[in-house]
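The structure appears right after this line, and notes come after that.
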Amino acid sequence: MKLPKELSNGFLIFLGIAVYFLVLSILGLSNLFYLRLLNVIFIFYGVNRTIQMNTKNGQNDFVSNGVSAMATAIVGVSLSVLGLLIYIYARGGDAFVPLLAESFLFGGDPSVPAYCISLLFEGLASAVIVTLVLMLYTNNKYAVD
């Protein structure tokens, strides 16, 4: 059985982000916040891939392509946050969060759920922005009534 393109491309987003952050951790660069911002590249890749697959299959409706692209981004971000949650608990849970949060814009001492929920909201916001940017960029490929 073949997975829907939204799930497969969302999983590619997750794999890209997971490998990227593991490499940053291995190289000791995970404390540099501006390198953390580059994870949006993987969201761009997965969402753009979904849009290209849709247009290649003749799906030229702006709204359905937007929904498909948004679903891809949401799957990728959700899997990434779930992976981070598992990683945090594997590394010590609440004792590990201060190491992550010191280079993130948190005040106080966040718990694991608070940290993951805030990253989920941040990821969903970036997913919406990426989807809108790519949909507007590819807008000239859709038929106008």
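Shown is the FRET efficiency for residue 124 and residue 56, computed with R0 = 25 Å from the Cβ-Cβ distance and rounded to the nearest 0.05: 0.40. Using the Cβ-Cβ distance between residue 23 and residue 82 with R0 = 22 Å, the FRET efficiency computed as 1/(1 + (r/R0)^6) comes to roughly 0.65. Taking 83, 123, 46 as the candidate residues, the one with maximal mean-square fluctuation in a Gaussian network model of the chain, Cα springs under 10 Å, is 83.
Seen against the Cα atoms of the chain and their longest principal axis, helix 40-56 is set at about 20 degrees. Computed extension length for residue 40-residue 139: 33.5 nm, one decimal, from 0.36 nm per residue of separation with the Cα-Cα distance subtracted. The sum of -39500 (n - 2.57) across all DSSP H runs of n ≥ 4, divided by the residue count of the chain, sets its helix-only mean residue ellipticity at 222 nm to -24000 deg cm²/dmol. Helix 5-27 and the long axis of the chain differ in direction by around 30°, with both axes built from C-alpha atoms. Taking only protein heavy atoms and a 1.4 Å probe, the accessible area of the range 1-70 is 71% carbon and sulfur. Once Rg and Dmax of the Cα atoms in Å is worked out from the coordinates, which option in (i) 16.9, 53; (ii) 16.8, 57; (iii) 15.6, 49 does it equal? Label of the calculated value: (ii).
The values are calculated or read from the model by the stated rules, or taken from the named source; none is laboratory data. Values in this document were obtained by computation on a predicted structure and should not be read as measured data. Reconstructed Cβ throughout: ideal geometry from the backbone, glycine too, with neighbour counts over all protein chains shown. Please note that ligands, DNA and RNA were not included when accessible areas were found on the heavy atoms of the full protein model with its side chains. Shrake-Rupley method; radii C 1.70, N 1.55, O 1.52, S 1.80 Å.
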